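Comments concern the structure below.
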Amino acid sequence: MERNATEGDIKKAYRKLTRENHPDLQPKEKKEETERKFKLKIPRDARDGKKIRLKGQGGEAEPGGEQGDLYLKIKVLPYKLFLLRGDDLEEEVVIYLWQATLGAKISVTALDGSVRVTVPPRTHAGNKLRLRGKGMPRKDGGHGDRKLKG
């Protein structure tokens with residue numbers, strides 16, 4: 001385009017470039033793949049920010065070159081029942097006044113089913129009960145803790 005081009009010439013050149021590079025107007029062999037599906041296993045210790053590498057699933061380093069690796073970054077979405085803090089799961093539970101005063105056994109849901117928890121007598125509001133090994137799975141095979149707040 002020339003330096004002294006008119007507004008009409010600039011618009012014409014812009015439209016031409018837009019048509020040449022519009023993805024819907026490209027032949028099939030020229031289109032880039034924008035969406036792919038993968039089947040993968042999320043590791044036990046997946047947490048916010050952890051990266052998973054898919055070897056050979058990335059783009060080409062140069063035309064005709066070897067494909068690189070694709071990295072996926074994990075984003076753990078909040079869940080309505082639990083709050084994730086590291087490997088520990090925190091949950092607010094309803095403990096009635098008579099249960100907190102006299103002590104009681106209550107049922108709470110866990111990752112692997114239901115668990116009965118003993119609420120000790122004279123439990124105060126805001127106290128936390130800890131269930132060892134009932135939190136999120138860790139890479140070493142163990143589990144974090146489950147913390148119940150009444």
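Bear in mind that the values in this text are calculations on the coordinates, not laboratory data. Small disclaimer: the values here were computed from a predicted structure and weren't measured. Don't worry about glycine lacking a Cβ; one is built from the backbone with ideal geometry, like all the others, and counts go over all protein chains shown.
By a straight-distance test (C-alpha under 26 Å), which lysines pair with residue 11 as possible cross-link partners, with residues fewer than eight away in the same chain excluded?
30, 31
Take the Cβ-Cβ distance between residue 61 and residue 41 as r, set R0 to 22 Å, and report the resulting FRET efficiency rounded to the nearest 0.05.
The value I calculate is 0.25.
In degrees, nearest 10, range 0 to 90: what is the angle between the Cα axis of helix 7-21 and the longest Cα principal axis of the chain?
That works out to roughly 60 degrees.
Give a quick list of GluC sites (Glu not before Pro) in segment 52-133 that DSSP marks as loop, anything other than H, G, I, E or B, with at most 10 other Cβ atoms within 10 Å.
When the GluC sites (Glu not before Pro) of segment 52-133 are filtered for loop state and at most 10 Cβ neighbours within 10 Å, 66 remain.
Using R₀ = 41 Å, calculate the FRET efficiency as 1/(1 + (r/R₀)^6) where r is the Cβ-Cβ separation of residue 138 and residue 96; round to 0.05.
0.75
With runs of 4+ DSSP H residues as the only contributors, calculate the mean residue ellipticity of the chain at 222 nm using -39,500 (n - 2.57) per run, divided by the residue total and rounded to the nearest 500.
-4000 deg cm²/dmol
Here are some values of percent of Cα pairs over 18 Å apart: (1) 74; (2) 69; (3) 64. Which one was computed from this structure?
It is the one labelled (1).
Quick one: compute the contact order of segment 83-149, relative version, from alpha carbon pairs under 8 angstrom and 6+ residues apart, as a percent.
So the answer I get is 37 percent.
So, with +1 on the Cβ of K and R and -1 on the Cβ of D and E, and no other charges, what is the size of the charge dipole of segment 83-149 about its Cα centre, to the nearest 20 debye?
200
Let me spell out the model: positive unit charges on the Cβ of Lys and Arg, negative unit charges on the Cβ of Asp and Glu, origin at the Cα centre of the chain. What dipole size does that give, in debye rounded to 20?
It works out to roughly 760 debye.
Say the cut-off is 30 Å between C-alpha atoms; which of 16/51; 80/128; 51/134; 16/73; 16/75 go over it?
The pairs that break the limit, which is 30 Å between Cα atoms, are 16/51; 16/73; 16/75.
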